[in-house]
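Trainee: Here's a structure for you.
The values are calculated or read from the model by the stated rules, or taken from the named source; none is laboratory data. If you're wondering where the values come from, they're calculated on a predicted model, not measured in any experiment. When we count neighbours, we look across all protein chains shown, and the Cβ atoms used for this are built from the backbone with ideal geometry, even at glycine. The area values use the complete protein model at the heavy-atom level, side chains included, leaving out ligands, DNA and RNA. Shrake-Rupley method; radii C 1.70, N 1.55, O 1.52, S 1.80 Å.
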Amino acid sequence: MKLLHYQPAVPNFGDDLNGILWPALAPSLFEEQGEVDGPGEAFVGIGTIVGIDPGQRRRLHVFSSGAGYTAADRWTGLDVHYHCVRGPVTARVLGLSADRPLTDGAILAPLVDRFRFSVPGEGAAASSVPAGGRIVVVPHYETIAFPGWNDAVRMAGFDLVDPRGAPEVVIAALASARLVLTESLHGAILADAYGVPWRGFAVSRNFSTAKWADWAGSLDLDVEIALVPPPDPMPLLRFGKREEPFGAMLRLDPEASFREFRNRIAPPARIPFLKAQAKRVLEDVPAARRLLGFNPQRTAKALADLATCEPYLSLAGRRESLRDAMLQRLEALVRLHQGALARVT
């Protein structure tokens, strides 16, 4: 099979994890690198990628993927098999049976040799932040491209983790932390997979409550997300400001998340000409942006406040149960694929 996953213009460790994780766990499924793309089967893995461009592949095996950015009817006419999806929101969007949602496939990372890092406090409840390690901050891979994050995180006394780093580097930093503050969904997923407490934050409309609610629901977590002001207003100019005030807590309500998914796949609204021109001026003139009241000190205080909140961490037994179920389905897919190859030969 060909391995399908999102490949953004810059690296993103959650997406890049696909190319290491699945070939390590099920090497017999995947073709040799360099093989020419053509009609056949594809494995759709980690990411909000239900509806991804399948190329010439006509039969898709969806494994732990999420819906959220693309309408699934893009796959109309293809032979699509949903072995498991990321969570209950995706299952509802696709009209799947209750046994299809498991969780995000990144929960399997600790089983791969390259990601066998020490796990501080694995199995502990999230009643407090464990001693040892550092507090790390993981912005979204698009948010961190804008100015001020290094200064803000340093002022808060924390460590910045760049999600554009290699999966081994990012995951090692998460697994060794005592608390993870993250705008990146896979920052939370991987922290949780290693038993590290975490809190999520949002900066702009680029934050998807739908995909966060999808994953949190898979672990029976009732989660609130803090709205944190960015150190520079560029993410707000580029992606839009949320309606809620900074400092608010966003509850991951399943119904609201389902509605957000529908809005995200709708055609984008046109921005009025004068508003677009004003945004362009602010983007081009850093001094003008500073007049809007955003700065690293403000972000540092918001992050420091968030670090004092009760952290989240799923139950160890729930994680183990989901890992076992996912491995069983992966093994079933491998047997199915081997049986199909045997019939052909």
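Trainee: Any residue at all in the range 163-175 that is at pLDDT 95 or above and within 18 Å of Gly68 (Cβ to Cβ)?
Mentor: Yes, some residue in the range 163-175 is at pLDDT 95 or above and within 18 Å of Gly68 (Cβ to Cβ).
Trainee: Within the range 191-222, take every residue that is in a strand (DSSP E or B) and of a type outside the set (A, V, I, L, M, F, W, C) and give me the one that is nearest to the chain's Cα centre (by Cα).
Mentor: First, the residues of the range 191-222 that are in a strand (DSSP E or B): 198-202.
If we keep only those that are of a type outside the set (A, V, I, L, M, F, W, C) too, we end up with 199-200.
Values: Arg199: 14, Gly200: 11 Å.
Among residues in the range 191-222 that are in a strand (DSSP E or B) and of a type outside the set (A, V, I, L, M, F, W, C), the one nearest to the chain's Cα centre (by Cα) is Gly200.
Trainee: Another question, then. Right, Phe13: under 15 Å from the mean Cα position of the chain (by Cα) and either at pLDDT 95 or above or of a type in the set (A, V, I, L, M) (or both) or not?
Mentor: Values: under 15 Å from the mean Cα position of the chain (by Cα): yes; either at pLDDT 95 or above or of a type in the set (A, V, I, L, M) (or both): yes.
In short, yes.
Trainee: Here's another thing I want to ask about it. Mind checking which helices (runs of 4 or more DSSP H) fall wholly inside the range 1-117 and carry at least 2 residues that are in contact with a strand residue (DSSP E or B) (Cβ under 9 Å, 6 or more places away or on another chain)? Please lay out each step first, then the result.
Mentor: Details: elements: 13-16, 18-25, 88-94.
The helices (runs of 4 or more DSSP H) meeting that bar are 18-25, 88-94.
Trainee: Return the residues of the range 131-167 that are in a strand (DSSP E or B) and within 20 Å of Pro110 (Cα to Cα); say none if nothing qualifies.
Mentor: Here is the first cut: in the range 131-167, the ones in a strand (DSSP E or B) are 135-138, 159-160.
Of everything in the range 131-167, those that are in a strand (DSSP E or B) and within 20 Å of Pro110 (Cα to Cα) turn out to be Val136, Val138.
Trainee: Just to check your reading of the model, which residue among Ala266, Ala340, Ala304 is assigned to a helix (DSSP H, G or I), at pLDDT below 80, aliphatic (A, V, I, L, M) and surrounded by fewer than 17 Cβ atoms within 10 Å (Cβ to Cβ)?
Mentor: Every option except Ala340 fails the conditions.
Trainee: With the structure loaded, tell me whether Val136 is in contact with a strand residue (DSSP E or B) (Cβ under 8 Å, 6 or more places away or on another chain), modelled with pLDDT of 95 or more, surrounded by 16 or more Cβ atoms within 10 Å (Cβ to Cβ) and under 22 Å from Leu236 (Cα atoms) or whether it fails that test. Break it down stepwise before answering.
Mentor: Details: in contact with a strand residue (DSSP E or B) (Cβ under 8 Å, 6 or more places away or on another chain): yes; modelled with pLDDT of 95 or more: yes; surrounded by 16 or more Cβ atoms within 10 Å (Cβ to Cβ): yes; under 22 Å from Leu236 (Cα atoms): no.
The answer is no for Val136.
Trainee: Among the residues of the range 203-247, write down those that are surrounded by 20 or more Cβ atoms within 10 Å (Cβ to Cβ) and among the aromatic types (Phe, Trp, Tyr).
Mentor: Within the range 203-247, Phe207, Trp212, Trp215 qualify.
Trainee: Do we find that Ala226 is part of a helix (DSSP H, G or I), among the small types (Gly, Ala, Ser) and closer than 15 Å to Thr182 by Cβ in this structure?
Mentor: Working: part of a helix (DSSP H, G or I): no; among the small types (Gly, Ala, Ser): yes; closer than 15 Å to Thr182 by Cβ: yes.
No: the conditions fail for Ala226.
Trainee: Considering only the range 316-335, how many residues are within 14 Å of Asp99 (Cβ to Cβ) and either open to solvent by 60 Å² or more (accessible area, probe 1.4 Å) or not in a helix (DSSP H, G or I) (or both)? Lay out the reasoning, then the answer.
Mentor: As a first pass, look at the range 316-335 and keep what is within 14 Å of Asp99 (Cβ to Cβ): 321-322, 325-326, 328-329, 332.
With the extra rule that they be either open to solvent by 60 Å² or more (accessible area, probe 1.4 Å) or not in a helix (DSSP H, G or I) (or both), the set shrinks to 321, 328.
Residues that pass the stated criteria total 2.
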